[in-house]
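Working notes, beginning with the structure itself.
The values are calculated or read from the model by the stated rules, or taken from the named source; none is laboratory data. Model, not experiment: these values are computed from the prediction. Cβ coordinates were reconstructed from backbone atoms using ideal geometry, including for glycine residues, and neighbour counts include every protein chain displayed.
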Amino acid sequence: MTDVFSRLRSGKKRDLYYERDMSPDTSKKLKKDIKENEKEVHEYLYDCDDVITRDFYMGTTQKHEMALMYIDGLVDKNLVQEEILKSLMLMTRQAPLEHNLGQNFFNMVKEGLLTAADIKEVDNFGEVVLGILSGDTILFMDKFEKALIISTRGWEKRGVQEPTTEAVIRGPREGFTETYRVNIALIRRRLKDPNLKVKTIKLGRHTRTDVGVLFIQGIASPNIVDEVLKRLNTIDVSGVLESGYIEQMIEGDWLSFFPQLRRTERPDVVAACLMEGNVAIVTDNTPFVLLAPGTFLSLFQSPEDYYERWYIASMIRLLRFAAAFFAMTFPALYIAMTAFHPGMLPTDLVLSIAATREGVPFSAVVEAIVMVISLEVLREAGVRLPGPIGQTIGIVGGLVVGEAAVRAGIVSPIMVIVVAVNAISSFAIPNYSVAIGFRLLTFIFIFLATVAGLYGIMLGLLLLTIHLVTLKSFGAHYLSPFVSFRFSEGKDFVVRGPMPSMEIRPGYTRPKDMNRMNDRRHDTTEKMEDENADKQ
Amino acid sequence: MNLSYRFFQKIFFPVVLLFATAFVAGCWDYRDIDRRFFVGSVAIDKGPQPGKYNISFLIPIVRAIAGGEGGGGGGGGGGGGEKPVVVESTTAETIIEGARNVALRLNRDLFFEHMRIVLIGEEVAREGLEPFINPFMRQTEFNRRSRIAIAVGEAKKVMEVRPVVEKLPAAYMESLYGNATHSGKFVAGDLGDFLHQIHAFNGNALVSKITPDSSEVNIGGGAVIKHFKLAGWLSEEETQGVNFFLGKITGGSVTIDNSRGKCTFVILNAQRSLQLTADGPVPEFQLKVNVTGNVSETSEGLSMDTRNEEIIEILVSEKIRSEILKGLARLQDDYRVDVIRLGEFLHKYYPRLWKNYKDRWEDIFSDVKISVSVTTDIQNIGVSK
């Protein structure tokens, strides 16, 4: 943490959050008098009625005046009572302290009396105030220019639940929560490796959100880690409420339709990506963790690709690519094929399409746009409404409106099929926000197909390819396994190779250690035992 | 980087380019699928004056084909009684002009990429095909995979046949040509083949013959085109013989009938090899045909045993040989036109010899001696012996 700040200071000459005039000041030292300290803190936290101050005396002698400060609701009251107040007020009565400990009294309290686990000594108001706001409890002692920050964070929080946006059939059911520490712990539980580094910085002038940068030293390329830290440190906003804020501020190309960071709710995905040399950005108050660098391929990956056997995984991944293609172009292809190149379709199909369009008042383009837009509206309505009503909307929209529109002859049944296939295809993409991006491209492709038919669609695909080829995410090619492709770099692109063949890590992150696994099937048992003995 | 700069570079400029292509390439030919007529067939007949043709277009009415259920719904009304196709005729000097004439009467564009068959009337074929086959080569819209046939009598009559088994006459006629594995008695081949032949060999071609009936057509037999003009017909047997010669047999059957009984031999495969045996002033050829197939039906007298098997093989060979000879005699003696590609064979494999024959080939062809030998293998004699 400190070297992040030092880097910051040396680099951009930006003010740190606690050096601003509005923020508590670390250079402002604590005073000797406990009442003055309390008063000073209250000046910072003026009109903050949720701040609780508790004055008390320690032990039987009532000689040592002390004060606790914390915010109601952010602390675990049991901890405050059991580990602080009880140990200081009651325990000391049973075994009275020697008198006149002098300066040692502070250490005595810190090291000998408080039974709380996590204690930190501070001497300035900046850290005191920040500690209070973060849910820690501050213990002031009279006649000492120091205070103790006791970690008592504990608030009402959601437990670890199954991730809703990335459900899997086979795989762990744990998802991230809104609590930073829990999230870090979920990752740490999967990577019992001292090389897993967690660098925490605080972002947002008002929110002071904890943002953790996680990487595995020895795998992650230092360039990417530095780049991530550099970009994070350029962020100076009033608040970071979700990792989306960070994502949008550190991505390289904000005109692109494609997200340049991967986001996930799943700790196993984060662990896997860390082992591929990615850098994870964990943000407090959100279950969504960002992974850099993102690649085009990662939009089509699901953790299940690695948990299932490779035939299944490969087939499903190919399906997703097909689905993505249809999610972008299906209505456009329909328009181009029917309005520009009906000669390319089989005669029977042409005649039946023409028959279904008989009597439809709008041209295919208008029909397509109206249908796609109304489907988007239905989807949006379904998402926003609470569960049971959302389903009703789906049924009403899909069945009743669609069926009625076809019956009334406003829309051709073929168009309903086209739009439905288009929508369903987009939902086959594992990442919801990416799927929406593809749906947006649908409109562009419809436009291109209307202007120039298949020629326009090809032109659009070419432009898209050009864009994707030039796109980079944190120095890594966005189309990474496809451009600068080396077969030996792990068989993990359009298809996923069998697990034993994925001997080295993918190269797009430029990992420092390429070796993912060793083939030890032909090693003798003695050799392996020897090596194990050496390790121990 | 400056946002507006990026905007111009990455979005504005490509979009402008896209629009530019729309105008430069003239690609604005958007037309909804229900605003087109998918012409199934074109028929060309003799017109009232010389140089004029009666041109007919076979147009499917999609509303009626879909059974009236689909698009119209409440408003459409009664698909049952509607005719699935209409024939639009006009008199014009060329096919394209004819299509334009029809546009005065029809509200939708004629679209030819789904054309299945081109029908040419007998009379107009005898006068000459040259004046009107050009658009089939020139226009991209004419599908080269469609079929072409010379109609016995008037071509429009063929078009007016309403098949009982299919709704669309054009699709019905076209699918008949897919029966090559069941019969070798017609000329398979599409418009592309025909155009290739007729321009490669002095306007000579073998082309399909089509005979209309009240609710059916028959594509058996063949039409011989000599110098862009119809020279005459081949019978079904002769056509099968010529197909054997050309190595185009992929199926069909031969029935033998002699004193001992009847037998139907189903052809599975026929291999042929053609060799030049003498290169005198008139070349001589040897044709060897090897036929394999099954015996699928015999009468009691020819029931299968080893001896009968040999007899059947010999009889089938004889029958096929006679068909081939009949076909060759017709072409060499009656029509005197090389549509069996002997000239092409010489040109390809004996280019030096061909130079000697080239100029007089039309005269030489009818004197060319072709010895034919056929061998037959019975592959499968059926379950019962």
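Looking at A:93, A:153 in this structure, which one is in contact (Cβ under 8 Å) with a residue 12 or more places away in the chain and loosely packed, with under 13 Cβ neighbours inside 10 Å?
Exactly one of A:93, A:153 is in contact (Cβ under 8 Å) with a residue 12 or more places away in the chain and loosely packed, with under 13 Cβ neighbours inside 10 Å, namely A:93.
Take the range B:29-49 and flag every residue that is within 12 Å of chain A (Cβ to nearest Cβ) and in contact with a helix residue (DSSP H, G or I) (Cβ under 8 Å, 6 or more places away or on another chain).
Those that are within 12 Å of chain A (Cβ to nearest Cβ) and in contact with a helix residue (DSSP H, G or I) (Cβ under 8 Å, 6 or more places away or on another chain): B:29, B:30, B:31, B:32, B:33, B:34, B:36, B:38, B:40, B:41.
I'd like to check something: does the range B:285-296 contain any residue that is without any contact (Cβ under 8 Å) to a residue 40 or more places away in the chain and either on the phi < 0 side of the Ramachandran plot or assigned to a strand (DSSP E or B) (or both)?
No: zero hits.
Can you give me the ranges of the helices (runs of 4 or more DSSP H) entirely in the range A:298-396 with at least 3 residues that are over 39 Å from the mean Cα position of the chain (by Cα) and within 14 Å of chain B (Cβ to nearest Cβ)?
So the answer is A:347-357.
Out of all the residues in the range A:174-231, which are at negative phi and of a type in the set (Gly, Ala, Ser)?
Hits for the range A:174-231 are A:175, A:185, A:212, A:220, A:221.
Does the range B:123-132 contain any residue that is among the small types (Gly, Ala, Ser) and under 30 Å from residue B:235 (Cβ atoms)?
So far as the range B:123-132 goes, yes, one or more of its residues are among the small types (Gly, Ala, Ser) and under 30 Å from residue B:235 (Cβ atoms).
How many residues are touching a residue at least 40 places away in the same chain (Cβ under 8 Å) and of a type outside the set (S, T, N, Q) if we restrict to the range A:232-244?
6
Would you check which residues across the range B:129-159 are part of a helix (DSSP H, G or I) and either among the polar types (S, T, N, Q) or at pLDDT 90 or above (or both) and list them?
B:134, B:155, B:156, B:157, B:158, B:159
Any idea which residue in the range A:397-418 is nearest to the other protein chains (Cβ to nearest Cβ), counting only those that are without any contact (Cβ under 8 Å) to a residue 12 or more places away in the chain and surrounded by 16 or more Cβ atoms within 10 Å (Cβ to Cβ)?
Only one residue fits best here, namely A:406.
Specify which of the listed residues (A:177, A:164) is exposed (fewer than 14 other Cβ atoms within 10 Å of the Cβ) and either under 32 Å from the mean Cα position of the chain (by Cα) or closer than 27 Å to residue A:43 by Cα (or both).
A:164 is the lone residue from the list that is exposed (fewer than 14 other Cβ atoms within 10 Å of the Cβ) and either under 32 Å from the mean Cα position of the chain (by Cα) or closer than 27 Å to residue A:43 by Cα (or both).
Taking only pairs six or more apart or across chains, which ones have beta-carbon atoms under 6 Å, a first residue in the range B:125-147 that is within 14 Å of another protein chain (Cβ to nearest Cβ), and a second residue that is of a type in the set (Val, Ile, Thr) and part of a strand (DSSP E or B)?
That search, which allows pairs on different chains as well, returns B:146/B:117; B:147/B:117.
Being among the hydroxyl-bearing types (Ser, Thr, Tyr), surrounded by fewer than 14 Cβ atoms within 10 Å (Cβ to Cβ) and farther than 18 Å from residue B:239 by Cα is the filter here; which residues of the range B:251-269 pass it?
Answer for the range B:251-269, where residues must be among the hydroxyl-bearing types (Ser, Thr, Tyr), surrounded by fewer than 14 Cβ atoms within 10 Å (Cβ to Cβ) and farther than 18 Å from residue B:239 by Cα: just B:259.
Can you spot a residue in the range A:419-442 that is within 14 Å of another protein chain (Cβ to nearest Cβ) and of a type in the set (Val, Ile, Thr)?
no
Hey, any hits in the range B:203-218 for a residue that's surrounded by fewer than 16 Cβ atoms within 10 Å (Cβ to Cβ) and acidic (Asp, Glu)?
yes
Just one of A:319, A:261, A:232 is farther than 21 Å from residue A:500 by Cα and surrounded by fewer than 17 Cβ atoms within 10 Å (Cβ to Cβ); which is it?
A:319
Just checking, does the range A:230-245 include any residue being touching a strand residue (DSSP E or B) at 6+ places or on another chain (Cβ under 6 Å) and of a type outside the set (Gly, Ala, Ser)?
yes
Let me spell it out: the conditions are (1) surrounded by fewer than 15 Cβ atoms within 10 Å (Cβ to Cβ); (2) touching a strand residue (DSSP E or B) at 6+ places or on another chain (Cβ under 6 Å); (3) hydroxyl-bearing (Ser, Thr, Tyr); (4) more than 15 Å from residue B:372 (Cβ to Cβ), and residue B:298 meets all of them except one. Which number is the exception?
The one condition residue B:298 does not meet is (1).
Of the residues that sit in the range A:38-66 and are touching a helix residue (DSSP H, G or I) at 6+ places or on another chain (Cβ under 7 Å) and farther than 17 Å from residue A:142 by Cα, which one is modelled with the highest pLDDT?
Residue satisfying both the conditions and the ranking: A:51.
Does the range A:125-141 contain any residue that is out of contact with any helix residue (DSSP H, G or I) (no Cβ under 7 Å at 6 or more places or on another chain) and of a type in the set (Ser, Thr, Tyr)?
yes
What number of residues within the range B:220-234 are within 16 Å of residue B:126 (Cβ to Cβ) and not in a strand (DSSP E or B)?
Adding up the residues that qualify gives 2.
Within the range B:327-357, which residues are of a type in the set (Lys, Arg), surrounded by fewer than 18 Cβ atoms within 10 Å (Cβ to Cβ), under 28 Å from the mean Cα position of the chain (by Cα) and not in a loop (DSSP other than H, G, I, E, B)?
The answer is B:348, and nothing else.
How many of the residues in the range B:160-219 are without any contact (Cβ under 8 Å) to a residue 12 or more places away in the chain and part of a strand (DSSP E or B)?
Total satisfying the criteria: 1.
Would you check which residues across the range B:170-225 are among the charged types (D, E, K, R) and within 13 Å of the chain's Cα centre (by Cα) and list them?
Once the filter is applied, which keeps residues that are among the charged types (D, E, K, R) and within 13 Å of the chain's Cα centre (by Cα), the range B:170-225 yields B:174, B:185, B:190, B:193, B:209.
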